[in-house]
Amino acid sequence: MKAMPWNWTCLLSHLLMVGMGSSTLLSRQPPPLSQKRSFVTFRGEPAEGFNHLVVDERTGHIYLGAVNRIYKLSSDLKVLVTHQTGPDEDNPKCYPPRIVQTCNEPLTTTNNVNKMLLIDYKENRLIACGSLYQGICKLLRLEDLFKLGEPFHKKEHYLSGVNESGSVFGVIVSYSNLDDKLFIATAVDGKPEYFPTISSRKLTKNSEADGMFAYVFHDEFVASMIKIPSDTFTVIPDFDIYYVYGFSSGNFVYFLTLQPEMVSPPGSTTKEQVYTSKLVRLCKEDTAFNSYVEVPIGCERGGVEYRLLQAAYLSKAGAVLAQTLGVHSEDDLLFTVFSKGQKRKMKSLDESALCIFILKQINDRIKERLQSCYRGEGTLDLAWLKVKDIPCSSALLTIDDNFCGLDMNAPLGVSEMVRGIPVFTEDRDRMTSVIAYVYKNHSLAFVGTKSGKLKKGTYFLFPFLSPDNLCSIGFLCFPSLW
């Protein structure tokens with residue numbers, strides 16, 4: 001990753017503006033008071049909450065999605081322009097929303113929580129989706145946040161009826177001579193008949209085009225989407241898929257999720273609900289979603305299981321870490337934060353771990369599973385899609401690294417968990433966010449915690465050494481930032 005002069009400000013802003021303070025990840029002792037640094041800060045309106053933030057990698061401008069407002073900030077956090085998105089009269093039970101047809105439900109003044117914020121570089125626009133009107137989106141010009149379009153008259157324009165800000169994740173797949181695609185993943189809040197949990201949509205060049213956000217492919221039998229079957233809710237009434245992170249790499253799009261499932265504890269005949277962290281992979285060019293695969297992820301250290309995903313970030317390995325891991329410096333790594341156990345989603349335990357996954361190893365595990373299934377071994381093993389017990393079918397074909405599925409043996413689940421490499425654990429102040437990048441061949445990370453601390457350090461592969469030992473044997477150690 002090429003370093004740019006605005007990187008430091010933006011990276012720190014990314015964490016500081018969601019309430020992060022700072023502390024130290026790798027230091028022997030706190031620095032003297034005289035060495036403490038101050039940072040540029042930005043505060044919105046008193047009643048405003050910040051939901052999402054993206055940085056234009058070409059200019060360093062920051063776009064901030066807040067309750068009822070979108071901000072454009074300079075790299076030193078000066079307000080350049082704002083765009084009002086709410087509040088407005090609405091009711092979450094109005095489907096279609098009242099701006100399409102009359103709603104008999106009582107309307108109240110409702111805030112518009114920003115649920116997704118993406119930069120469409122190809123068309124120089126911002127995609128800002130909110131909680132009003134079943135999750136419709138605005139397309140805003142990057143330069144001045146002028147509204148280019150706001151499609152709302154078709155069911156494809158309603159992306160999510162969930163009001164939580166972290167319920168939607170989007171990944172743009174860009175093409176040089178075709179319209180781009182937008183992969184959307186969202187919790188459905190018990191409304192699978194209205195919202196697919198994952199889908200691919202058209203991003204038309206014209207922001208007011210009738211086909212904006214239409215499914216990439218749709219006919220009577222097949223579409224570019226997956227819906228949660230209604231039968232799933234009879235087994236787990238509050239079932240949903242919570243999307244934590246999403247990205248594209250190579251020929252695939254990935255989403256990291258938390259999903260509830262029913263399991264039988266050892267020695268018990270009754271089942272209990274737990275949460276499992278899973279990586280979902282789809283081929284970018286798969287319009288029928290035959291390439292859908294899920295694989296459970298987690299990590300373990302000292303006999304303690306960390307299985308509840310809190311945050312993730314994709315970065316390159318960098319030369320120093322790559323040599324230790326036995327990978328190339330440009331290989332993709334997933335930096336993840338997990339909390340302890342599996343039984344709590346909303347009230348996670350404070351014990352947490354920072355773990356690294358080599359993306360190629362995850363893909364290799366998926367390829368092995370595809371190969372075994374196409375040899376007729378095992379079942380599809382996806383309980384929530386009601387295909388857990390369907391046997392795999394045998395077929396004579398070659399499955400390579402870029403195999404994108406057929407209209408058989410899909411969707412597919414991997415039963416064996418892929419374990420990450422634990423780098424750092426925190427027992428008291430749960431880690432809740434992570435960002436990483438390569439600087440002078442070193443892979444650097446910033447980790448945010450529940451109490452509002454920001455930890456900074458260099459990634460290394462000696463998880464059982466104390467920070468003092470690491471510093472004494474020559475690792476790059478950082479003072480506190482604050």
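The values are calculated or read from the model by the stated rules, or taken from the named source; none is laboratory data. Given the structure is predicted, the values throughout are model-derived calculations rather than measurements. Positions of Cβ are backbone-derived with ideal geometry, glycine not excepted, and every protein chain shown enters the neighbour counts. Surface areas here come from the heavy atoms of the whole protein model, side chains and all, with no ligands, DNA or RNA. Shrake-Rupley method; radii C 1.70, N 1.55, O 1.52, S 1.80 Å.
Residues of the stretch 171-222 that are touching a residue at least 60 places away in the same chain (Cβ under 8 Å) and at positive phi: F213 alone.
Of everything in the stretch 219-242 that is over 25 Å from V263 (Cα atoms) and assigned to a loop (DSSP other than H, G, I, E, B), the residue that is most open to solvent (accessible area, probe 1.4 Å) is F221. Is it the case that some residue within the stretch 181-189 is at pLDDT below 95 and surrounded by fewer than 17 Cβ atoms within 10 Å (Cβ to Cβ)? Among the residues of the stretch 181-189, not one is at pLDDT below 95 and surrounded by fewer than 17 Cβ atoms within 10 Å (Cβ to Cβ), which makes the answer no. Taken over the stretch 295-307, the criterion of being touching a Leu at 6+ places or on another chain (Cβ under 7 Å) and crowded, with 23+ Cβ neighbours inside 10 Å is satisfied by I297 alone. Residues of the stretch 104-121 that are open to solvent by 30 Å² or more (accessible area, probe 1.4 Å), outside any strand (DSSP E or B) and free of Cβ contacts under 8 Å to residues at least 60 places away in the same chain: N104, E105, P106, L107, N111.
Take the conditions (1) closer than 29 Å to F39 by Cβ; (2) surrounded by 16 or more Cβ atoms within 10 Å (Cβ to Cβ); (3) among the hydrophobic types (A, V, I, L, M, F, W, C); C94 misses just one of them, which is (1). When the residues of the stretch 315-359 are filtered to those that are in contact (Cβ under 8 Å) with a residue 24 or more places away in the chain and on the phi > 0 side of the Ramachandran plot, the one that is least open to solvent (accessible area, probe 1.4 Å) is G318.
Has the stretch 40-63 got any residue that is at pLDDT 95 or above and on the phi > 0 side of the Ramachandran plot? Checked the stretch 40-63: at least one residue is at pLDDT 95 or above and on the phi > 0 side of the Ramachandran plot.
For N124, the stated conditions hold: it is open to solvent by 50 Å² or more (accessible area, probe 1.4 Å), at pLDDT 95 or above and within 24 Å of the chain's Cα centre (by Cα). For the stretch 195-218, taking the residues that are open to solvent by 30 Å² or more (accessible area, probe 1.4 Å) and either of a type in the set (A, V, I, L, M) or touching a Ser or Thr at 6+ places or on another chain (Cβ under 9 Å) (or both), the one that is nearest to T232 (Cα to Cα) is identified as H218. Report, by residue number, each residue of the stretch 389-432 that is surrounded by 13 or more Cβ atoms within 10 Å (Cβ to Cβ), among the basic types (K, R) and either in a loop (DSSP other than H, G, I, E, B) or on the phi > 0 side of the Ramachandran plot (or both). If the condition is that a residue be surrounded by 13 or more Cβ atoms within 10 Å (Cβ to Cβ), among the basic types (K, R) and either in a loop (DSSP other than H, G, I, E, B) or on the phi > 0 side of the Ramachandran plot (or both), then R430 is the only one that fits.
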